[in-house]
Amino acid sequence: MDGIRLLPLAGEPPAERSDAARNREALLRAAAELIDHCSVENVTMDAVAQRAGVGKGTVFRRFESREGLMAALLDHSETAWQASVISGPPPLGPGAPPLERLHAFGRSRIEITLTSAALIRAAGQAGSRAYAAAAFTAMHVRYLLSQLGVHGDLGYLATALLAPLEIPILEQQLGLEGRSVDEVQAGWEDLVRRVVAL
């Protein structure tokens with residue numbers, strides 16, 4: 001296969017040119033550094049362009065809007081998190097018993113969702129987690145449920161387990177109901193035990 005360039009699969013975006021990929025990474029890195037320095041709310045397209053050493057038009061051509069930039073950052077974070085689920089150390093990654101992995105998944109998903117909350121809001125409609133991200137989490141939970149010998153509609157059960165891990169539910173529980181993160185995690189793990197009947 002060396003030297004053979006494969007065509008993209010149907011529905012896949014075309015492969016990105018290497019210089020375009022480098023520019024994209026530089027812009028995302030600049031935006032992430034600014035967020036670390038002055039918070040999501042204070043990051044502007046001008047500031048990202050200046051930090052990356054490009055014109056503001058380049059940022060708009062690449063991401064179309066501030067929301068688009070924030071959504072791209074969200075996708076970048078999601079990709080890194082998925083890698084830790086697929087090949088990271090246990091219990092989130094492979095190698096731990098399925099129930100332990102499922103509990104670790106919930107704790108990690110709560111943490112990344114809360115850490116990304118401001119970014120999700122800043123991304124607006126574009127920040128709705130991409131279909132691919134939702135499909136990955138659902139597939140992973142279905143897989144772990146099947147490993148635990150759970151019967152029934154695993155897709156529906158996975159959806160029921162994932163719903164409490166999304167930002168509207170977490171913000172309601174933590175903000176309006178005054179629960180702690182530990183209480184939310186414990187509640188989710190109790191729900192998991194009931195679903196798997198252990």
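The values are calculated or read from the model by the stated rules, or taken from the named source; none is laboratory data. Model, not experiment: these values are computed from the prediction. Every residue, glycine among them, receives a Cβ derived from its backbone with ideal geometry; neighbour counts consider all protein chains shown. Please note that ligands, DNA and RNA were not included when accessible areas were found on the heavy atoms of the full protein model with its side chains. Shrake-Rupley method; radii C 1.70, N 1.55, O 1.52, S 1.80 Å.
Remark: spin-label model distance residue 193-residue 42 equals 4.4 nm, labels positioned 7 Å along the Cα→Cβ axis. Secondary-structure-derived ellipticity at 222 nm for the chain, considering helices only, amounts to -21000 deg cm²/dmol, per-run term -39500 (n - 2.57) for DSSP H runs with n ≥ 4. Pop the C-beta distance of residue 166 and residue 60 into the FRET formula with R0 = 41 Å and round what comes out to the nearest 0.05. Between residue 166 and residue 60 the formula returns 0.90.
The alpha carbons of the chain stretch over 57, 52, 27 Å along the principal axes, in descending order. Work out which trypsin sites (Lys or Arg not before Pro) in the chain are exposed loop sites (DSSP not H, G, I, E or B, at most 10 other Cβ within 10 Å) and give the longest gap free of them. My reading of the result: 18-198 is the longest stretch. For the chain, the relative contact order is 16 percent, taking Cα pairs closer than 8 Å that sit 6 or more residues apart in sequence and dividing their mean separation by the residue count.
Other residues whose C-beta falls under 12 angstrom from the C-beta of residue 140 contribute a net charge of +3, scoring Lys and Arg +1 and Asp and Glu -1.
Neighbours of residue 159, meaning other residues whose beta-carbon lies under 10 angstrom from its beta-carbon, give a summed charge of 0 when Lys and Arg score +1 and Asp and Glu score -1. Applying the Karplus relation 6.51 cos²θ - 1.76 cosθ + 1.60 with θ = phi - 60° to region 53-67 yields 3J(HN,Hα) values of x, 10, x, 4, x, 5, 5, 5, 5, 6, 10, 6, 7, 4, 4 Hz, where x marks Gly and Pro.
Distance from the alpha carbon centroid of region 37-55 to that of region 161-198 works out to 35 angstrom. Scalar couplings 3J(HN,Hα) for region 154-167, obtained by applying the Karplus form with A = 6.51, B = -1.76, C = 1.60 to θ = phi - 60°, are 5, x, 5, 5, 4, 4, 5, 6, 7, 3, x, 9, 8, 4 Hz; x denotes Gly and Pro. This model, with +1 at the C-beta of Lys and Arg and -1 at the C-beta of Asp and Glu, gives the chain a dipole about its Cα centre of some 400 debye. Computed over region 89-198, relative contact order equals 29 percent, with contacts defined as Cα pairs under 8 Å that lie 6+ residues apart.
Could you look at region 133-189 and say what percent of its accessible area is carbon and sulfur, using a 1.4 Å probe and all protein chains?
C and S fraction of accessible area: 57 percent.
The modelled label-to-label distance for the pair residue 21/residue 134, using points 7 Å beyond Cα in the direction of Cβ, is 2.9 nm.
Using the Cβ of residue 108 as centre and a radius below 13 Å, the other residues enclosed give a net charge of -1, where K and R count +1 and D and E count -1.
Got a sec? Charge dipole of the chain, +1 on Cβ for Lys and Arg, -1 for Asp and Glu; which of 106, 48, 156 is way out at the positive end? Going by the charge dipole, the pick is 48.
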